[in-house]
Each structure stands twice: as C-alpha cells, then as structure tokens.
1. What distance in nm separates the simple spin-label points at residue 346 and residue 472, each placed 7 Å from Cα in the Cβ direction?
2. Which entries of 282/337; 124/190; 190/228; 228/507; 124/222 show an alpha-carbon separation above 19 angstrom in the structure shown?
3. For residue 128 and residue 151, FRET efficiency with R0 = 51 Å and r from the beta-carbon atoms, rounded to 0.05?
4. Please work out the FRET efficiency for the pair residue 183 and residue 116, using the Cβ-Cβ distance as r and a Förster radius of 35 Å; give the result to the nearest 0.05.
5. List, in order, the whole-Hz ³J(HN,Hα) value for each residue of region 518-526 obtained from phi through the Karplus relation with A = 6.51, B = -1.76, C = 1.60 and θ = phi - 60°; use x for Gly and Pro.
6. Would you pull out the residues with amide H under 5 Å of residue 511's amide H, same chain only if 5 or more places away, H placed 1.01 Å from N?
7. Report the extension gain between residue 538 and residue 329 in nm, rounded to one decimal, defined as 0.36 nm multiplied by the number of residues separating them, less their alpha carbon distance.
8. Which order do the peptides 244-252, 349-357, 420-428, 390-398 come out in when sorted by mean C-beta neighbours inside 10 angstrom, highest first?
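All of the numbers you see were taken from the coordinates with simple rules; none came from a lab. Treat the numbers as computed from the prediction; the structure is a model and nothing was measured. Cβ: placed from backbone, ideal geometry, glycine included. Neighbour counts: every protein chain shown.
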Amino acid sequence: MAKGKKELPAESSPSPPTPGGTNASNNPRKKKWATKVKTGCTTCRIRRVKCDETRPACTRCVSTGRRCDGYTSLPALVRQPDHSASPFRSSWDERRMFFFFRTETALQVAGPFDQSFWTVDLLKATQVHPAIWHASVAVAAMYKRYTIPSSAHSTTLRKDLYNFALTQYNASISGLVDVASRENPGPGDKDVILATSILYTGLCSLRGDPREAFLHMRNGLKLFRQWKHWERRRSRGSGGVLPVNSIVTLFNRLDSQALNLLDDASRMEWEGGHIPREPSTKPFTSVTEAYFEFELSLSGLLGLMQRREFIAGPYPTGPSRESRLVFRNALSAWSEKFSALRPLLKESEMEAALILQIRHIAFDIALTIDVSSWELAWDEFHPQYEQIVTFSRQLLEKYHPATGGDGGAEHEACGPIFSFAASVCEPLYVAASSCRDPVLRREAISLLRQWPRRECLWDSVLAASLAESIMLMEEQAADGVGVESNEECLCVREQFVCHGHRVADTKLELLGEGVGMVTLRSVNDILAERPGRTIQLSW
C-alpha cells in the first residue's frame, strides 16, 4: 500500500478552495452560503443566489433567460447531516458528505447483492477507523461529481467536489499509513487495508483514472493473496471488522476484471495454491449467498484460465475438460440449490436472480466449450447467446427503463450507473465478441450502450466499443479488406466469418478517461506471427 500521500491527478483548470477542511459553523461566509442553498432549484444553488422556488421552473431563471434545471438533481447535498455520524473531529462538510454516502452512495454502489456490507458493516467500520471514514467520504464526493452532468452551470460544483474528494483521499492515506506501519497487523488491520484498497480503486474509477485504479487494485490483490484472506472463512471469531465473504467476493470480482482487461504483462500470476472451491451442501437462504458461491466458483475457473490450462490456440496444451470437471460439479450443485431458492425470493430480489441466471449461462459456455476447435468452438453456443441478449433486454426494460432507448444528449451527459457488484456487462460482452451472427452481436452491443454502467473497473460502453472493433475487423475481412493473397478465405459477407479472419487475441491499454488503445490479432495474424491491428478507442 502507499507509504505516503499519493494525490489524484489535478483538474485541468485552476480549482477554487475546497469545501472540506474548515468547519462551516466557524466560517460566516460558508454558513451564509449553506443557508442560501438549502432550498431552491439546481441552477440557483450552483449560482449561489436566492431562489423563488416557483414550480415547475424558477421565475428568477426564466426571467433572466437561463434554463432552470429543476429541483431534484442535487437533493442529497442539501439535506441536514447527522451530526453524530462521526466519532472523529470532522467538519460540517465531511458529515454532510458522509450522510450522502450513508443514504444514497452505499445503496447504489452495492447493486442488488450484499447490500448489508455497504449499508451496515462498512458504516460500522467508518466509526472506528479514520482511514475507512475518510475513504468513504471521498468516494461519496467523487460519486456525486460523477453523477452531475458537465455544463457551464455545474463547473464550480464539480471542481469543489473533486477537490474535496482529494482532501479526504489524502486524509485516508494518512490514517492508512499508521495501520500499515504496524509490525504485526492483526485481522482487523488487514480488513482496514483491504477495504481502503477497494474504496480507492472505486474512487479512481469514478474519477476516470484507470491507471491509478489498476494500481490500487493490484496492491490490494497482492496483499489479499499474500495473507490468503479466504482462509478466514473457515475460522470463527477471526477478529476482523468486516465480513470475510464480502471481502473475498469483492476481490474475486477485481481479479476477474483484471484478467479480462489487462494484457499478459500486466496480470498478476497466481503464486501457487488457489481459493478452495468445494461447494457447500447447505441450501441458500438468500440471493446474496447464491451470489457469493457463484462468484467463488467463477473465480476458480478464471484462475484455471490464467494458468494457461484453458487457453485456445494453434497448439492447445491440453483442452482440459477433466480439469474443468470440478467446476462443472460445483455449478451443477449451485444450480440445484438456486432452483430451490427461486420460488422463495421476494420481488425485490428478482433483479439479482435474473442477473445470476444470465451469468450462469455465460459460465456454462466457458465450462462446455471445446477449446481444441479454437475460435470455431464458439459457434455452437448460438442459443445461449440469444438467451443472454433476451434476458438482458428484459432486465433493462423492467428494472432500468429510464436508461433505455437510444439515449439523448441529456442522458449522455450524465455519468452511467456505478457499482462494485456484478451485472450483465461481461456476459453481453461475451455474446458481442464471440457470437459471429451479425444481427445478434449488434443487439448485444446496443444493450451495452443503452444501459451505461461501470462495474468498478469494467465499463459497459468501453465493452461495446471493444466488441464493435472486433466485429468491424472481422466483417472487413469478409468484404475483402486486408485479405492476404496467399491465405485461404472462406468468409461469406453478412453470413459467416472464416476461422482465419476471426479475432483471437485482444490486448487493451487504457490511457485515460474515455480513451484507450486496443491491439487485435486474427487467427492468421497469430499463425503468421504478425503484430495485428492497433485501434484507438473512445467512449
């Protein structure tokens, strides 16, 4: 972990003084401003003028030719904070932002799974450990900034939130250094270090700094593996401050995202051993329990892939159907318990159940595919791709109707949903990149764009851009673009992409917010040892 203060990159333009660090009750000017903006429309709050609160549009805005942005965009920032929320010396702004974390941010980042970790367990930890308190406040501020559309009216507010998050981030690191410098950190100390690593990763992802996010993710994963944190699941009274299953699942998610996003040189290899995958015989009592066990088995399969026992290529080192048998047995046992649980679920849990169903389909493809056929092996799963796309569309239309459709300018200006939990982004990407049906893969790409969300490191719009680049490169081969004269081509335009022109290797480099480079290599490129094609992505 960091040994000293490590600042987030500064904004491109000069920033005004941060709202944190000074208690508003001791600052007459800030106290006056706080009184002014407790009510009124968003535009008047940002301009820091008194609003007449006329509905639906403020008369003060309309009479001066300004656009009134309404009364519901920024309610969380003006609610009265719980002044007993922090046991530490804290400013009014810190307590106010923690109130926002407690009432809104925690619920959003939790997603439909394991909400008690974010809304109960982590909040308790903030009351004891300053590093977690300040990290949570920083995430709340950056999340609020992330959800505010960029405009001339919101520039000052977004800068204030950014600088406030930076102040809290540095305060958290100061507290973390005290914990990390202890000679023999106990279970509670390890929980603090791992929890702040997760929060820092999310903070940098929200800020749009993928390099810094990956750095925190790698540091946390290294310690998670070094301490074999998953072994604490077997012991009672371990002395930790956070639930072991929640921490293990979060790091499994980060590990799987790193495997999908990073190139070979950037990945962390397992240093022997792996997380135990024995399926429990106990029935599930909640959808979160089903989620924990499912992600644990999925992480085991990804570890198998990382050790090169399950990677297709010109000379497979062993298709390893046998080595996948343990995961097939685990998935079969999971399916039986999940089927028994579904009739008992509440309506509020059905979104989570549908997400697990979609992810189950994608997991089953990975366990069934015959890697000896290389890229042609994906073709036999067309029915599964159809199910992934159909169920994902149902999920979008039922549970997130506001983000459906083509998405206008107002929708594009807002940040997408942010969550640490798994959803359908990865299964849709599998369908969009591996299915060679031109209609179905376009539907998958469209859903990734219609439902913009960021699952910590994995961004659905990035996934759509990446899958679209793969699709266009393959279709251009079918159109005769870039076909080598000495290579056999069996492509049929708008119907079939031959094996030699299918993209088999993808290496992605994230350069900054909304910018990246991807190198794509076809089967023919790999066999001929060609470098492939490098494409700039923007999203």
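1. 4.6
2. Distance filter (> 19 Å) returns 228/507; 124/222.
3. On the way: r = 40 Å, r/R0 = 0.78.
So the FRET efficiency works out to roughly 0.80.
4. 0.60
5. Values, residue by residue: 10, 10, 10, 10, 7, 4, 4, 4, 5 Hz.
6. 516, 517
7. Here the answer is 71.1 nm.
8. Values: 244-252: 22.6, 349-357: 19.4, 420-428: 25.3, 390-398: 16.0.
Highest mean packing first, the order is 420-428, 244-252, 349-357, 390-398.
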